[in-house]
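**Student:** Before I ask anything, let me first share the structure, which is written out below as structure tokens.
The values are calculated or read from the model by the stated rules, or taken from the named source; none is laboratory data. As the structure is a computational prediction, the values presented were derived from the model and not from experiment. Cβ coordinates were reconstructed from backbone atoms using ideal geometry, including for glycine residues, and neighbour counts include every protein chain displayed. Protein only, heavy atoms only, side chains kept; ligands, DNA and RNA dropped before computing areas. Shrake-Rupley method; radii C 1.70, N 1.55, O 1.52, S 1.80 Å.
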Amino acid sequence: MLRQLSDPAQAAAAGLAGERLLNGAEPGSVIYSFTLYERAGGANLLRVQADNLDQPLNINQGTKLELGSTAKLRTLANYLEIVARLHGKYSALTSEQLRAVRVDPSDRLSRWAVEYLAASEDRSLPAMLEAAMNQSYSASPAEGFFTGGGLHYFENFDRDDNARVLTVREAFQRSVNLVFIRLMRDLVHYYASHGGVLLEALKERKHPLRQEYLRRFADREGRTFLARFHQKYSGLSQDEALETLIGEILPTPKRLAVIYRSVRPEASLGEFALFLAAHTRGAGLPWKTVEKLYDEYAPERFGWSDRGWLAGVHPLGLWLLEYKGRHPEADWRQVVEASAAQRRAAYEWLYRLPYGPAQEWRIRTVLETEAFRRMHKDWQRLGFPFDSLAPSYATAIGSSGDNPAALAELAGIILNGGVRYP
């Protein structure tokens, strides 16, 4: 049956040839899969699992697909579980007690729950869940969202939704991206505010955890850059890697001096002079200038952060070339272990800044990453198949991926009244 769909006539007969489906595309390039479970006797019985991919890969379980509408289903389930959690936390309080509750200003979900319960005559869980489905969000794509370490803009599938304000129910039925981006922002703020540290508190200059969050950011970003350099220079000798690095910059004498003295700190003045002569244009530099550069940019005079700034390159790229020169057989695990102090040193400039935008967006990035780590545990409990979530609001529209088998498990949990059967 699935193989027959590669025939245009068969695909058209199956209703797959319309707008936003094949729409004139070659049907033979589409991979189809089909999975059927039957609920029986407290278990989910696998009855059919088939696909038209004639390869040793089970695409129902062995794939990672960006599936925007089904990501919204996971986001919606997460949202309603949090509403139920907040109902359990606050529903027994009197209206007077609820009005005295203080919540983090950024935690919109907790604030809504407190206000709803304080004003509602029906405090039952079904009524609160119904009210949560009727919460409204803008679908406007005009707003920029700081997420995933930068400013991002998103679009709706249907432009007619751009000017609308929709309830969560309507947005789910219509699969409206911007509503779910804003809903994901509320989920992230909920998880962040329940992690014990608030962004507002970290703005205090002497807050003891502020430097700790900056160090976490430096470690995280440092690993990212280090991995990039490690991959770039993999398989190259130190000479080849050095030439690759120099080929990416404007090679002024000062930059060349900083790079060479950092990468080969034990090199003699003669070796240094030969290197400069080979990489500077013209007849070369006066000997006094060479001696001055050799002494002035000796590695012990500067930390890695300053060396990177002087050379116009990332300091961890310099450090990696120097380390690999001493340990050519080191693997990635050894590089990470050896670079801990250098990753911190590469961001010394960040620790010295007064609190402002440069520190704030980095702290927010760490708080968001930690929020997604906590969120991931709730998604895993409902069958999410991967080891982490992408720390971005775009997770609500598919950026963290999914696969058909995991979605079948999620559907089974929902159909079974919240019970996860084997």
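**Student:** Working only within segment 379-397, note down all residues that are in a loop (DSSP other than H, G, I, E, B) and surrounded by fewer than 20 Cβ atoms within 10 Å (Cβ to Cβ). Let's see the steps before the verdict.
**Tutor:** Of segment 379-397, the ones in a loop (DSSP other than H, G, I, E, B) are 382-392.
Within segment 379-397, 382, 383, 385, 386, 387, 388, 390 meet the criteria.
**Student:** Okay, next question. Which residues, counting only those in segment 280-290, are in a helix (DSSP H, G or I) and open to solvent by 50 Å² or more (accessible area, probe 1.4 Å)? It would help to see each step written out before you state the result.
**Tutor:** Step one: list which residues in segment 280-290 are in a helix (DSSP H, G or I), which gives 287-290.
If the condition is that a residue be in a helix (DSSP H, G or I) and open to solvent by 50 Å² or more (accessible area, probe 1.4 Å), then 287, 288, 289 are the ones that fit.
**Student:** For segment 297-342, which residues satisfy the criterion of being charged (D, E, K, R) and within 21 Å of residue 248 (Cβ to Cβ)?
**Tutor:** Step one: filter segment 297-342 for residues charged (D, E, K, R), giving 300-301, 306-307, 322, 324, 326, 329, 331, 333, 337.
Of everything in segment 297-342, those that are charged (D, E, K, R) and within 21 Å of residue 248 (Cβ to Cβ) turn out to be 306, 307, 322, 324.
**Student:** Only residues that are part of a helix (DSSP H, G or I) and of a type in the set (Val, Ile, Thr): list them for segment 240-260, please. Even if it seems obvious, please write down each step before you answer.
**Tutor:** So the first thing to find is which residues in segment 240-260 are part of a helix (DSSP H, G or I), and the list is 240-246, 253-260.
If the condition is that a residue be part of a helix (DSSP H, G or I) and of a type in the set (Val, Ile, Thr), then 244, 246, 258, 259 are the ones that fit.
Residue by residue, here is whether (1) open to solvent by 70 Å² or more (accessible area, probe 1.4 Å); (2) in contact (Cβ under 8 Å) with a residue 12 or more places away in the chain; (3) in a loop (DSSP other than H, G, I, E, B); (4) touching an Asp or Glu at 6+ places or on another chain (Cβ under 9 Å) holds:
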{"site": "292", "(1), (2), (3), (4)": "yes, no, no, no"}
{"site": "295", "(1), (2), (3), (4)": "yes, no, no, no"}
{"site": "307", "(1), (2), (3), (4)": "no, yes, no, no"}
{"site": "310", "(1), (2), (3), (4)": "no, yes, no, no"}
{"site": "318", "(1), (2), (3), (4)": "no, yes, no, no"}
{"site": "323", "(1), (2), (3), (4)": "no, yes, no, no"}
{"site": "329", "(1), (2), (3), (4)": "yes, no, yes, no"}
{"site": "333", "(1), (2), (3), (4)": "yes, no, no, no"}
{"site": "342", "(1), (2), (3), (4)": "no, yes, no, no"}
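**Student:** Then there is this: Listed residues 40, 92; which is more than 24 Å from residue 181 (Cα to Cα), of a type in the set (A, V, I, L, M, F, W, C) and at pLDDT below 90? Step through it out loud before you land on a result.
**Tutor:** Details: 92 fails: at pLDDT below 90.
Among 40, 92, only 40 is more than 24 Å from residue 181 (Cα to Cα), of a type in the set (A, V, I, L, M, F, W, C) and at pLDDT below 90.
**Student:** Exactly one condition in (1) under 15 Å from residue 321 (Cβ atoms); (2) open to solvent by 20 Å² or more (accessible area, probe 1.4 Å); (3) touching a His at 6+ places or on another chain (Cβ under 7 Å) is false for residue 247; which is it?
**Tutor:** Condition (3) is where residue 247 drops out.
**Student:** Quick check: anything in segment 177-185 touching an Asp or Glu at 6+ places or on another chain (Cβ under 7 Å) and modelled with pLDDT of 90 or more?
**Tutor:** So far as segment 177-185 goes, yes, one or more of its residues are touching an Asp or Glu at 6+ places or on another chain (Cβ under 7 Å) and modelled with pLDDT of 90 or more.
**Student:** Next up: Yes or no: residue 305 in contact with a helix residue (DSSP H, G or I) (Cβ under 6 Å, 6 or more places away or on another chain), of a type in the set (Ser, Thr, Tyr) and either modelled with pLDDT under 90 or more than 20 Å from residue 221 (Cα to Cα) (or both)? Before the answer, list the steps.
**Tutor:** Numbers: in contact with a helix residue (DSSP H, G or I) (Cβ under 6 Å, 6 or more places away or on another chain): yes; of a type in the set (Ser, Thr, Tyr): yes; either modelled with pLDDT under 90 or more than 20 Å from residue 221 (Cα to Cα) (or both): yes.
Criteria met by residue 305.
**Student:** Taking the condition in contact with a Leu (Cβ under 9 Å, 6 or more places away or on another chain) and within 30 Å of residue 95 (Cβ to Cβ), does residue 125 pass?
**Tutor:** Working: in contact with a Leu (Cβ under 9 Å, 6 or more places away or on another chain): no; within 30 Å of residue 95 (Cβ to Cβ): yes.
Judged against the criteria, residue 125 is not a match.
**Student:** OK, next. For segment 398-416, indicate whether the set of residues that are over 15 Å from residue 61 (Cβ atoms), open to solvent by 20 Å² or more (accessible area, probe 1.4 Å) and of a type in the set (Val, Ile, Thr) is non-empty.
**Tutor:** Yes, segment 398-416 contains at least one residue that is over 15 Å from residue 61 (Cβ atoms), open to solvent by 20 Å² or more (accessible area, probe 1.4 Å) and of a type in the set (Val, Ile, Thr).
**Student:** So, in segment 261-279, of the ones that are outside any helix (DSSP H, G or I) and either among the aliphatic types (A, V, I, L, M) or over 15 Å from residue 245 (Cα atoms) (or both), which residue ends up least open to solvent (accessible area, probe 1.4 Å)?
**Tutor:** Of segment 261-279, the ones outside any helix (DSSP H, G or I) are 264-268.
Next, from what is left, pick out any that are either among the aliphatic types (A, V, I, L, M) or over 15 Å from residue 245 (Cα atoms) (or both): 265-268.
Working: 265: 43, 266: 167, 267: 12, 268: 54 Å².
Per the criteria, the residue is 267.
**Student:** Can you report the number of residues in segment 230-239 which are farther than 12 Å from residue 336 by Cβ and in a helix (DSSP H, G or I)? Before you say what the answer is, go through the steps one by one.
**Tutor:** Residues of segment 230-239 farther than 12 Å from residue 336 by Cβ: 231-239.
Those still in the list that are in a helix (DSSP H, G or I) too: 231-233, 238-239.
Residues meeting the conditions: 5.
**Student:** Scan segment 93-109 for residues that are touching a residue at least 24 places away in the same chain (Cβ under 8 Å) and open to solvent by less than 30 Å² (accessible area, probe 1.4 Å) and jot them down.
**Tutor:** 104, 107, 109 - these are the residues of segment 93-109 that are touching a residue at least 24 places away in the same chain (Cβ under 8 Å) and open to solvent by less than 30 Å² (accessible area, probe 1.4 Å).
**Student:** Which residues, taken from segment 383-412, are among the aliphatic types (A, V, I, L, M) and touching a helix residue (DSSP H, G or I) at 6+ places or on another chain (Cβ under 7 Å)? Before you say what the answer is, go through the steps one by one.
**Tutor:** Going through segment 383-412, the residues among the aliphatic types (A, V, I, L, M) turn out to be 389-390, 394, 396-397, 405-408, 410-411.
Matches in segment 383-412: 389, 396, 397, 407, 410.
**Student:** On to the next question. Would you check which residues across segment 192-237 are touching a Lys or Arg at 6+ places or on another chain (Cβ under 8 Å) and either open to solvent by 80 Å² or more (accessible area, probe 1.4 Å) or modelled with pLDDT of 85 or more (or both) and list them?
**Tutor:** 194, 204, 215, 223, 226, 233
**Student:** Among the residues of segment 145-174, how many are at pLDDT 95 or above, part of a loop (DSSP other than H, G, I, E, B), open to solvent by less than 60 Å² (accessible area, probe 1.4 Å) and not aromatic (Phe, Trp, Tyr)?
**Tutor:** Here the count works out to 2.
**Student:** If you don't mind, another one. Can you give me the number of residues within segment 1-48 that are exposed (fewer than 10 other Cβ atoms within 10 Å of the Cβ), within 34 Å of the chain's Cα centre (by Cα) and within 30 Å of residue 415 (Cβ to Cβ)?
**Tutor:** The qualifying residues number 1.
**Student:** Kindly indicate whether residue 90 is aromatic (Phe, Trp, Tyr), over 30 Å from residue 155 (Cα atoms), over 26 Å from the mean Cα position of the chain (by Cα) and open to solvent by 50 Å² or more (accessible area, probe 1.4 Å). Reasoning before the result, please.
**Tutor:** On the way: aromatic (Phe, Trp, Tyr): yes; over 30 Å from residue 155 (Cα atoms): yes; over 26 Å from the mean Cα position of the chain (by Cα): yes; open to solvent by 50 Å² or more (accessible area, probe 1.4 Å): no.
In short, no.
**Student:** Next question, about the same structure. Considering only segment 126-139, I want to know if a residue exists there that is polar (S, T, N, Q) and at pLDDT below 95. Can you show your working first?
**Tutor:** Residues of segment 126-139 that are polar (S, T, N, Q), as a first pass: 134-136, 138.
So of that shortlist, the ones also at pLDDT below 95 come out as none.
No, segment 126-139 contains no residue that is polar (S, T, N, Q) and at pLDDT below 95.
**Student:** Output the qualifying pairs, or none if there are none: Cβ atoms under 9 angstrom, residues six or more apart or on different chains, first residue in segment 398-419 and of a type in the set (D, E, K, R), second residue surrounded by fewer than 17 Cβ atoms within 10 Å (Cβ to Cβ) and not in a loop (DSSP other than H, G, I, E, B).
**Tutor:** 402/65
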